[in-house]
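For reference, the structure is listed below as structure tokens.
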Amino acid sequence: MVEGNGEAEQRDLFRGALEMMILQSLRRQPMHGYALVQEIQQRSEDLLRVEEGSLYPALQRMLKAGLVEAEWKLSATKRRVRTYRITRNGTKHLEREVSKFTRMLEGITRVLAPGES
Amino acid sequence: MNWVKRIFARRRLDQELSEEMRGHVEELIEELVGQGMPRNEATAAARKRFGNLTLIQEDCREVWQWAVVDNLLLQVKLAGRRLWNSPGFAAAATLTLALGIGANVVVFSVLNALLLRPLDAPHPENVYLANHFVKEQPGWTAQSYRDYLDFRDRQQGFQGLAAYGFIRVGLSAGNSTIKSWGHSATGNYFDVLELQPATGRFFHASDEHGPGSAPFIVLSYDFWRRQFGQDPNVIGKTIELNRHPLTVIGVAPEGFHGIDPLFWPDYWLPMMGADEVTGSDDRPYRDHYFVMVFGRLKPGMTPQLANDDLNRIAMQMAKEDRKDDGLASRVVAPGFAGDANSPVKKGLLGMMLLAVLVLVAACSNLASIFAVRTGDRSGELAVRMAIGSSYWCILRELLIEALLVSLAGGLVGTLVANVLLRGLTHWPLYGDLPVHLLLAPDTRVYLIALALSVVSGLLFGLLPARKVWRTDPIQAIKSGALEVPSFRRFALRDLLLCVQIAVCTLLVTASLVAAMGIRRSLRVPLGFDAQGITLAMTDLGMAGYSGEAAVAVDKRLLEEAQHIPGVSAAAITDYVPLQGNGAAWFVYPEQTTEFLPSHMAFPAMTYLVSPGYFQAAGTRLLAGRDVSWHDDHTTPNVAIVNETFARKLFGSTSVVGRRFALWATARYEIAGVVQDGKYGSLDEPAQPAMFLPLAQGVGGVMSPSVALLVRSTLPPSQVMPELRRIATAVEPRAPFVLESWDDQVDRAMLVARAAATVLGIMGVLAAMLAITGIFGMASHSVSRRMREQGIRIALGAQRLQLMRSTLGRPLALFGMGLLLGLVLGWFTSQLLEHLVSFATPREPLVLIEAIVAMVVVEVVATVIPARRVLSADAAQLLREL
């Protein structure tokens, strides 16, 4: 049996970061997968590009955990798309994760800062 | 259960996912085309950028863990296909288990109905019976109303004590009269049970203001449905009981049928007015025992504390009234479950044990078969293990196969049991008594069936799996067989066979004991000859008769009956032995001055009979004379007693002319002695009984119950129309029930016969399982060593030696199993005693029969393998080598 290929997904981003960015984007407004890729790319000013291979499994994971909801809608370009919307659970999860992440980042930054000793 | 929904929706979710991702790619293409790229290049670029579509989709599916579900479904499909391809094996295994599980479901349903199902009232766990008694007699729980009142007013353990009695009356609604049974109940009856009526209202303690103040009746739901088609307008209508009008005020909730486990009353009426209906009032007498008392414990109170409280009150009461000398109380849970010594309970538990043993035997049989099947597939399994399949993978496959078989077996068994149980529910258990056993399986029964299926599947699936666990794939591939090294001293298969034979011996012994018990019960002297007698039974009270007037009707009936063609003898008695009812009175020695229950000699079954009863019933008169019509209220009281009565009171059977008393003014001279008989049940010990002249009553107390016995040479079917004609002619208002006495006696044996039948079926099942088990073992042993036998024959071995080498092992196992089974049978004889009367497994005859039966089983099972050994052709076998 082939197992544990989930690890291979962390090529450019760790899982938590991707989820946070997706949730944050969805908090601004509900959108579909393609729009999410665009959104993250634009917001990061082309620094980040989300791989579809990571995006869709992440969306499914969040659907399963009840952090987001999906609904089929017509997009601005009159295309039938599955639009994702953040749930109340998702908002709570996002806030928790962001504060955790900020603290961690702060810690890492301090450790990595050029030493004065 | 969200995940269950997801499993079923997974196809749809899958499609949505692919559609979503296709849309994404298309959008990407549109974007690239918009940037000026040619469409075919844009398509390729978008595909490249998006990555491996299938892989992403797989990753998404992984998130939902559909792989696990799909894998499992695939395994189930595979196992199903494997079973489908060996239909003989699948059918045999399913059937074996169906029988084992079916037997368990049937027995457990009866157990559930009798012991586990709680009272149909709120918080049934707080409701307890408060039995009290002066001289405890087995099976006696009735008490006096006066004692009940004292207990009710002084006790502190219960929220309230209520009481009820049984009444049988003629019930008229419209112009027809039917015989019906109900309860007379104290005013607080429904309030203590905390019940709410299905419609209308109940009566309460506040309704009771002395005699005649509460002419109300509450109908049971069942009776309401049967008699009035659930008509809500029945409230306010008038129903006549024994020609006495009562107003219907309510209907009890559905399913509620009082406190007794089997009795289904048609109605409840306030005890305050019951005496006017039945025509006799037992309430003023402290030694007339006719009510059952129950109560609801106060919160925090234990049955033991409540009991101590009641016993303390009983001691006080004994000081106040000497009739209560020796009064004691016992608080028990209602139903059979509360009675620690109930033979019903012990019998059922014994039966349950035997049923489980049948299932164990079936499982051990299946375990052997599965082991052989696993052995057959050893090559395949070994290859799979060699290329990296995990033990767990193979184990799971074996388990799924076993579970599939066991669930199918459980399903079939439960279905068959269900049909059987529905049939059993409608069995008439006791004559005209409204006795029902609600056997319809409930959730608990189905859960047990499921649990049994799964456990047995795991049991027989895992035992052979041990083999897989221990296998070394390299060895297995080399030899092509997963054979555990043979000639080990004791293999698992041997143990299984041994257990199977032991269980089989035990069950065969049990069924032999049951068969012998039934044979003997048919030969038990009943004290009467039921053959050729037709009965016409009624209650003249239902037609408004009482006392002397009833005797006149009796005489007219008798006179008419004697003129029916073919009738050789006719007589009247108030109750018929073995009918499930009757009266018993306390007997006191002649010199008794204080008639206190603590001074009585014994309670004796009491029958009021017309002259010629003994001759008509075929009861032998051993000494003295029969009663005559001259024995009436103008002459001294006389009694005919049976041998046990005479022996118990006087120590001898020549007692004609001696005297005894029932109470101060009811003194009797013994006019005759008759042979002993059976009165309540076939397996009761010898009971004292007395027969008093119909015209004298019991010390002047007449009985309105009438049974006309007619002995004829013609079959009952020809006698009945005539009998019905004269009965209606003599008293059209009384509902007569006609029946042959033989049928009634048969019914008294119904439970014993049912038990014997079930034991017999289990015995046959076990024997069949043992035959297949031994046969399988012997065949296996023979075929495994066939080549070796060829060499032996060539070297000049004798046939006996051949037999010994191949069949010695199965035979030795058989011997061990047989011995074990017999020993078990010996020690479980106490269990069987509650199921079967008149026989025990400790009798030499039973032991011999059991051994013979098992030897027959063994011979049948080994004869084919043995013939194969004997007819072995050495030359051919060696060629195959």
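Across region A:13-112, the mean sequence separation of Cα contacts (distance under 8 Å, 6 or more residues apart), normalised by length, yields a relative contact order of 30 percent.
By count of other Cβ within 10 Å, fewest leading, how are B:C393, B:C60 ordered? Write down the numbers at each step before the final one.
Values: B:C393 14, B:C60 24.
Listed from fewest to most nearby Cβ atoms, that is B:C393, B:C60.
Loop-only GluC sites (Glu not before Pro) in region A:9-117, please: DSSP not H, G, I, E or B, and at most 13 other Cβ atoms within 10 Å. Mind dumping the intermediate values first?
On the way: sites: A:E9, A:E19, A:E39, A:E45, A:E51, A:E52, A:E69, A:E71, A:E95, A:E97, A:E106, A:E116; in loops: A:E45, A:E51, A:E116.
Here the GluC sites (Glu not before Pro) that fit, given the DSSP loop and packing criteria, are A:E45, A:E116.
Note on region B:183-209 and region B:652-679: Cα centroid distance 44 Å, given to the nearest whole angstrom. The relative contact order of chain B, computed from alpha carbon pairs under 8 Å that lie at least 6 residues apart in sequence, is 14 percent.
By the combined test of axial Cα extent (at least 18 Å) and Kyte-Doolittle hydropathy (mean at least 0.5), the qualifying DSSP H helices of chain B come to B:87-111, B:343-376, B:391-425, B:443-470, B:492-523, B:750-784, B:799-827, B:844-870.
Comparing Cα centroids, region B:225-255 and region B:580-646 end up 40 angstrom apart.
Only helices enter the 222 nm calculation for chain B: every DSSP H run of n ≥ 4 contributes -39,500 (n - 2.57), and dividing by all residues gives -17500 deg cm²/dmol, rounded to 500.
With contacts taken as Cα pairs under 8 Å at a separation of at least 6 residues, region B:300-429 carries a relative contact order of 10 percent. Computed over region B:124-333, the P(r) curve from all C-alpha pair distances, binned at 5 Å from the origin, holds 1, 7, 16, 19, 19, 16, 11, 7, 4, 1, 0 percent per bin. Take the Kirkwood radius over Cα pairs of region B:777-858, plug it into Stokes-Einstein at 25 °C and 0.890 mPa s, and you get 161 µm²/s for translational diffusion. In this simple spin-label approximation, B:L621 and B:R520 carry label points 7 Å from Cα along the Cα→Cβ vector, and these lie 3.4 nm apart. Look at the Cα gyration tensor of the protein assembly as shown: its axes a ≥ b ≥ c give a/c of at least 1.5 with a/b at or below b/c, and that counts as oblate.
Rule-based calculations on the coordinates, nothing more; no lab input. Computed from a prediction, not measured in an experiment: that's the story for all the values here. Please note: Cβ atoms are built from the backbone with ideal geometry, for glycine as well, and neighbour counts cover all protein chains shown.
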